[in-house]
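One structure below.
The values are calculated or read from the model by the stated rules, or taken from the named source; none is laboratory data. Since this is a predicted model, take the numbers as computed values, not measurements. When we count neighbours, we look across all protein chains shown, and the Cβ atoms used for this are built from the backbone with ideal geometry, even at glycine.
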Amino acid sequence: MTTLKICLVALLMLGFTWQADASVPLGGNRKGVGGAFDMYGCMQSNDYYVVNFAAYQSDLSQTKDMKTLPTAECIDIPLVGKTQITLDLLDRDVRKKQVALKILREDGQTLAELPMAVAKQGVVSVSVDFKSAGKYQAVLQVKDTDLNIDPEISALHIPLTVALAVEQPASEKPLWIFFIVIGLLVAGLAYFLPRLLNSKPTATTPE
């Protein structure tokens, strides 16, 4: 019975820590913000919507291999040239609404546009040819009758860099640090819980 209690408390602690450190696990090995690979991918959000962003490019310097799939890049796109921009709509209700996607230059010029339509598969995708290095943005608009807000106001703006050197944020921590913390918590629970559960108050002798 004591072992069962220890296991249940450890699982609860693990669940609370997981929820505090992550939001929506997507599975797989994905490139996140800053270029590091993790299981959550390149999630982008504002006050209204959340998506998983991916940019696919073909490196012409590499030998073409039909068995090798291109890496899903995050918002720091390494090369100029033809790129496939894909957004996975993580809000299930948004998948039933009309959405539009634009890729804009820093000066506001539209490079590629996907008109308003229902993304039945929960994915919107557009092809764009980045002619030069620089800053761009992807803009997702949703015709949301539930919010009753102008799509221009609720739009999700995703900043992009193309072929620019990007410094890694100092606050980013590798995923292995998370697992070390979890391991220490479980080890601490395994050590202290049996002693806490087995401890009994000392009986006081009457005078």
- Task: Of the numbered conditions (1) in contact (Cβ under 8 Å) with a residue 60 or more places away in the chain; (2) over 15 Å from SER45 (Cα atoms), LEU156 fails exactly one; give the number of that condition.
- Result: (2)
- Note on the structure: VAL80 meets each of (1) modelled with pLDDT of 95 or more; (2) touching a Gly at 6+ places or on another chain (Cβ under 8 Å) with one exception, condition (2)
- Query: How about the stretch 96-146: which strands (runs of 3 or more DSSP E) wholly inside it have at least 1 residues that are within 21 Å of the chain's Cα centre (by Cα)?
  - Reply: 98-105, 123-130, 134-143
- Evaluate the following for SER127: is it within 27 Å of LEU79 (Cβ to Cβ), hydroxyl-bearing (Ser, Thr, Tyr) and in contact with a Lys or Arg (Cβ under 8 Å, 6 or more places away or on another chain)? yes
